[in-house]
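Taken together, the values in this text are just the output of simple stated rules run on the coordinates, not laboratory data. The shown structure was predicted, so the numbers you read here are calculated from the model rather than taken from an experiment.
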Amino acid sequence: MSGVTVSLTDSIDPALQSAISDGLGSYNAEMGGARDRKPLTIAIKSPDGAPLGGLVGRTSMGLLFIDLFYLPKELRRSGLGSRILTMAEDEARARGCGAGVLYTVSFQAPDFYKRHGWQVLGEVAPRDGSTRIFLTKTF
């Protein structure tokens, strides 16, 4: 294509992100049917309403994607993480998902997910020594 430029940056341009997301969504709808991407968020808030953590993900084309999941240290090992993960899985099932995917880092929570039936799909070990662990679960 004449006149096209290509550039690399370390910042996110919202217009570019929309162009990519919308273009990919249209292509996916054309090739695979209706676009069913839907955000999934579970918030944890303090008594005064301040956000403390939670889960951010989405469902799309029959899969649950867990993108971010964070609990402050003082809320860990209380059963809250299990409750949130179960809520996300239950909502995914209600939306017609048959499986889920996520990734965690070796120093984060791989054993937590394994205890909840998630299975290792693969691992990537970059030079820094922090292995990325990709997990999946069939619902």
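Relative to the first principal axis of the alpha-carbon coordinates of the chain, what is the inclination of helix 14-32, with its axis defined by its Cα atoms, in degrees from 0 to 90 and to the nearest 10?
90 degrees
Taking a cut-off of 22 Å between Cα atoms, list the lysines near Lys114, but don't count ones fewer than 8 places away on the same chain.
By straight Cα distance, Lys114 reaches Lys73, Lys137.
Among DSSP bridges having both ends in the chain, what percentage is antiparallel? Round to the nearest 5. Could you put the intermediate results ahead of the total?
Values: 27 of 31 bridges.
Of those bridges, close to 85 percent are antiparallel.
Helix 80-94: angle to the longest alpha-carbon principal axis of the chain, degrees 0 to 90, nearest 10?
Approximately 50 degrees, to the nearest ten.
Give me the distance between the Cα centres of the range 30-66 and the range 100-116, rounded to whole Å.
Here the answer is 17 Å between Cα centres.
Please compute one quarter of the surface area of the Cα convex hull for the chain and express it in square nanometres.
Quarter of the Cα hull surface area: 12.0 nm².
Would you kindly derive the ³J(HN,Hα) couplings of the range 106-118 from the backbone phi angles with the Karplus curve 6.51 cos²θ - 1.76 cosθ + 1.60 (θ = phi - 60°), listing them in order in whole Hz, with x for Gly and Pro?
Taking θ as phi minus 60°, the curve returns 3, 8, 8, 9, x, 5, 4, 5, 4, 4, 9, x, 7 Hz for the range 106-118.
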